[in-house]
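Please read the structure below before turning to the comments.
The values are calculated or read from the model by the stated rules, or taken from the named source; none is laboratory data. The shown structure was predicted, so the numbers you read here are calculated from the model rather than taken from an experiment. Glycine gets a Cβ as well: all are built from the backbone with ideal geometry, and neighbour counts include every protein chain shown.
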Amino acid sequence: MLLAGLFLALCALSLCPAVLGAARPQLLVERSGPRMLREDLPLLSVVLQVGGFSWEDCGNGRDPVVLQSLSVAPDPISIPGNLRISAAVSSSKAMTSPLKAVLVVEKALGDLWIQLPCIDQMGSCTYDDVCNLLDNIIPPGTPCPEPLLTYGIPCHCPFKAGSYSLPASDFALPDIELPSWMTNGNYRVRAVVSNKGQELACVKLGFSLQSQ
């Protein structure tokens with residue numbers, strides 16, 4: 001579940017493959033001229049800073065999976081650059097396929113929070129099968145990438161009940177391309193994981209983005 005939680009949080013910014021040690025999935029439709037999203041919104045290749053990171057477990061003590069700690073450094077995080085993450089998760093129930101994840105990504109506009117759409121798997125998206133997504137990024141039968149392998153953190157479903165801990169570990173963040181509406185501003189993300197209608201975990205994240 002630790003891996004799934006990191007996967008979901010970073011997928012909101014299309015950074016999940018960086019943590020999982022794989023190439024970024026091709027999410028674009030190739031066209032001549034400037035690179036565009038399917039809805040003809042331009043992608044920006046920029047240097048980003050991510051600051052003011054906060055997190056909260058929103059399972060209200062009822063969900064079987066609890067995010068006990070999460071630390072992200074430095075503050076601000078530069079992209080491209082290096083990211084250090086430590087985290088701990090406990091689970092009283094095994095997490096088996098299919099795992100559904102619903103992400104709600106909101107951006108502050110003055111005193112209002114506006115929900116961002118899901119475009120090319122970025123933004124407020126529903127992932128009907130997280131297990132399959134993990135298999136696509138890390139093919140079954142291949143070793144889990146470091147440092148997950150060293151610390152015994154699984155990278156494929158099912159995730160057994162128990163406690164998982166990732167000591168402070170460094171990851172390299174590559175250049176990324178984000179749509180113009182997903183750059184400067186304050187954001188919050190709510191990620192809910194469920195299995196066959198039963199909520200298993202809920203995590204809220206907050207951060208700010210600033211392009212350089």
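Can you name the residue in region 137-146 that is within 18 Å of residue 99 (Cα to Cα) and either surrounded by 11 or more Cβ atoms within 10 Å (Cβ to Cβ) or without any contact (Cβ under 8 Å) to a residue 12 or more places away in the chain (or both) and is also farthest from the chain's Cα centre (by Cα) among such residues? Give the steps one after another, and end with the answer.
Residues of region 137-146 within 18 Å of residue 99 (Cα to Cα): 137-140.
Among the residues that remain, those that are also either surrounded by 11 or more Cβ atoms within 10 Å (Cβ to Cβ) or without any contact (Cβ under 8 Å) to a residue 12 or more places away in the chain (or both) are: 137-139.
On the way: 137: 13, 138: 15, 139: 19 Å.
Selected residue: 139.
Specify which of the listed residues (166, 149) is under 27 Å from residue 80 (Cβ atoms), surrounded by fewer than 15 Cβ atoms within 10 Å (Cβ to Cβ), among the aliphatic types (A, V, I, L, M) and modelled with pLDDT of 90 or more.
Criteria check complete, one pass: 149.
Among (1) over 22 Å from residue 94 (Cα atoms); (2) within 16 Å of the chain's Cα centre (by Cα), which single condition is residue 76 missing?
(2)
Does residue 97 count as assigned to a strand (DSSP E or B), surrounded by fewer than 19 Cβ atoms within 10 Å (Cβ to Cβ), at pLDDT 55 or above and not basic (Lys, Arg)?
Spelling it out, it is not the case that residue 97 is assigned to a strand (DSSP E or B), surrounded by fewer than 19 Cβ atoms within 10 Å (Cβ to Cβ), at pLDDT 55 or above and not basic (Lys, Arg).
When residue 23 is evaluated against the numbered criteria (1) within 19 Å of the chain's Cα centre (by Cα); (2) modelled with pLDDT of 60 or more, which criterion, by number, is the only one it fails?
(2)
Please find, within region 172-194, the residue that is modelled with the highest pLDDT out of those that are buried (at least 20 other Cβ atoms within 10 Å of the Cβ) and not aliphatic (A, V, I, L, M).
Looking at residues that are buried (at least 20 other Cβ atoms within 10 Å of the Cβ) and not aliphatic (A, V, I, L, M), I get 187.
Among the residues of region 100-113, which ones are part of a strand (DSSP E or B), loosely packed, with under 12 Cβ neighbours inside 10 Å and either modelled with pLDDT under 95 or of a type in the set (Ser, Thr, Tyr) (or both)?
Residue satisfying the conditions is 109 alone.
Considering only region 118-125, I want to know if a residue exists there that is at pLDDT 90 or above, surrounded by fewer than 18 Cβ atoms within 10 Å (Cβ to Cβ), in contact with a strand residue (DSSP E or B) (Cβ under 6 Å, 6 or more places away or on another chain) and over 25 Å from residue 160 (Cβ atoms).
Scanning region 118-125, I find at least one residue that is at pLDDT 90 or above, surrounded by fewer than 18 Cβ atoms within 10 Å (Cβ to Cβ), in contact with a strand residue (DSSP E or B) (Cβ under 6 Å, 6 or more places away or on another chain) and over 25 Å from residue 160 (Cβ atoms), so the answer is yes.
Show the residue pairs that are 6+ apart or on different chains and have beta-carbon atoms under 9 Å apart, the first residue being within region 185-212 and on the phi > 0 side of the Ramachandran plot and without any contact (Cβ under 8 Å) to a residue 40 or more places away in the chain, the second being buried (at least 17 other Cβ atoms within 10 Å of the Cβ) and in a strand (DSSP E or B).
What qualifies is 197/100.
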